[in-house]
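Asker: The structure is given below, and queries will be raised subsequently.
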Amino acid sequence: MRKQLRAAIFDMDGLMVDTERVARMGWKHAFRQFGIDLTDEEYLQFLGISTADVSAMITERFGGRVRFEDVYAVRQQHTHQFYEENGVPLKPGIVELLSFLESAGVERVVATSSTEEMARFRLQKAGLLEWFSFISSSDRVLRGKPAPDVYLTAIDWCGLQADECVALEDSEVGVRAAHAAGLRVIWVPDLAVPSEEAVGLAVHVAADLFDALQWIESWMAPTQQIGQTDPQVS
């Protein structure tokens, strides 16, 4: 029996705010300061994972040429300056989706690989912070995505079961994390092309957040009786 949708759990970077392109620019700039040309393929490995995991990856890959602390400091300064000067760009459809969920009485929380301080800064700059009641961040858990910890923390805070919630993600590691937490996942790909294997973990692969909104509206439609099948998985 399908339960009522009571909470939506959102990833942040690349899903709600168009920050992955800014982050890519920042990482490339930072590595160039140390004589390293970071490729797009190398950057894509950073998507969706915690700062601690990025640190381990950079140390393993570039440890003999640059310290993570040094390149990260340059990257942070570069991206922070961009956000201060330009704001944090929104992904199309996010305000419409959040407005619909609020009007429907659906709780809205965040599950992010960023720290809470960073998440609050970006959401505030983007004008989205007030839409959310809780942020499950990487500094609240022991394991980052693709482990399910940030999602399990969000579900627990809501006081709900996983089948009363839906997760929205843009990265494969995030989709794997949400799926491992027992959640239905709507995948809205950003920079990386979804792998064929991981597509099966999502109930819907959306073209954008407007498409995700349509799927949720269909799922919540009052004409669909409890016990009927969910909208077609795609």
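A short reminder: the numbers here are calculations on the coordinates, not readings from a lab. These figures come from a predicted structure and were not determined experimentally. Quick reminder, even Gly has a Cβ in these numbers, built from the backbone with ideal geometry, and neighbours come from all protein chains shown.
Asker: Size of the dipole of the chain about the Cα centre, Lys and Arg at +1 and Asp and Glu at -1 on the beta carbon, nothing else charged, in debye to 20? Can you show the working numbers first?
Answerer: Details: 21 positive and 35 negative charges, 61 e Å.
That gives a dipole near 300 debye.
Asker: Any idea which of 72, 168, 146 is furthest toward the positive side of the dipole for the chain, if Lys and Arg beta-carbons carry +1 and Asp and Glu beta-carbons -1?
Answerer: In the chain, that residue is 72.
Asker: Among 43, 151, which comes first, then next, by fewest other beta-carbon atoms within 10 Å?
Answerer: Values: 43 18, 151 29.
Ascending Cβ contact count within 10 Å gives the list 43, 151.
Asker: Picking from 167, 104, 180, which is most flexible by a Gaussian network model of the chain using Cα springs under 10 Å?
Answerer: Maximum fluctuation in the GNM of the chain, among the listed residues, is at 104.
Asker: If packing is taken as the average count of other Cβ atoms within 10 Å, what order do 71-79, 33-41, 131-139 fall into, highest mean first? Intermediate results must be reported in sequence, preceding the final value.
Answerer: On the way: 71-79: 17.4, 33-41: 11.8, 131-139: 19.6.
Descending mean neighbour count gives 131-139, 71-79, 33-41.
Asker: Next question. Using only Cα atoms and rounding to the nearest 10 degrees, what angle (0 to 90) does helix 149-158 make with the longest principal axis of the chain?
Answerer: It is inclined by approximately 40 degrees.
Asker: Please name whichever of 4, 189, 134 sits farthest to the positive end of the charge dipole of the chain, dipole taken about the Cα centre and charges placed at Cβ: Lys and Arg +1, Asp and Glu -1.
Answerer: 134
Asker: With unit charges on the beta carbon (Lys/Arg positive, Asp/Glu negative), name the residue among 83, 31, 58 whose Cα is farthest towards the positive pole of the charge dipole of the range 20-86.
Answerer: Of the options given, the answer is 31.
Asker: Relative to the Cα centre, what is the charge dipole magnitude of the range 20-86, using +1 at the beta carbon of each Lys and Arg, -1 at the beta carbon of each Asp and Glu, and rounding to the nearest 20 debye? Write out the running numbers ahead of the final one.
Answerer: Working: 8 positive and 11 negative charges, 30 e Å.
In debye, rounded to 20, the range 20-86 gives about 140.
Asker: Further question: Let me know the shape class of the range 52-159, please: from the alpha-carbon gyration tensor, a ≥ b ≥ c as square roots of the eigenvalues, rounded when a/c is under 1.5, otherwise prolate if a/b is greater than b/c, or oblate. Spell out each step's value before the answer.
Answerer: On the way: a/c = 3.00, a/b = 1.48, b/c = 2.03.
It is oblate, given that a/c is not under 1.5 and a/b is not larger than b/c.
Asker: Taking the Cβ of residue 33 as the center, what net charge do the other residues with Cβ under 11 Å away carry, scoring Lys and Arg +1 and Asp and Glu -1? Present the calculation step by step, with values, prior to reporting the outcome.
Answerer: Values: positive: 28, 32, 75; negative: 70.
The answer is +2.
Asker: Counting only helical runs of four or more DSSP H residues, what would the 222 nm mean residue ellipticity of the chain come to if each run contributes -39,500 (n - 2.57) and the total is spread over all its residues? Before the final figure, lay out each step's value.
Answerer: Numbers: 10 runs with 105 residues, N = 234.
After summing the helix terms and dividing by residue count, I get -13500 deg cm²/dmol.
Asker: At what distance in nm do the modelled label points of residue 77 and residue 33 sit from each other, each positioned 7 Å from its Cα along Cα→Cβ?
Answerer: Reported label-point gap for residue 77 and residue 33 is 0.4 nm.
Asker: Suppose a student asked you for the relative contact order of the range 20-86, using Cα pairs under 8 Å spaced at least 6 residues apart; what percent would you report? Spell out each step's value before the answer.
Answerer: Numbers: 40 pairs, mean separation 31.6, N = 67.
Value for the range 20-86: 47 percent.
Asker: If you take every residue apart from residue 89 with its C-beta less than 11 Å away from the C-beta of residue 89, what net charge results, scoring Lys and Arg +1 and Asp and Glu -1?
Answerer: Working: positive: 21, 91, 122, 125; negative: 18, 20.
That works out to +2.
Asker: How much net charge surrounds residue 55 when only the other residues with a Cβ under 13 Å from the Cβ of residue 55 are counted, with Lys and Arg +1 and Asp and Glu -1? Present the calculation step by step, with values, prior to reporting the outcome.
Answerer: On the way: positive: 61, 67, 75; negative: 53, 60, 69, 70.
Computed value for this residue: -1.
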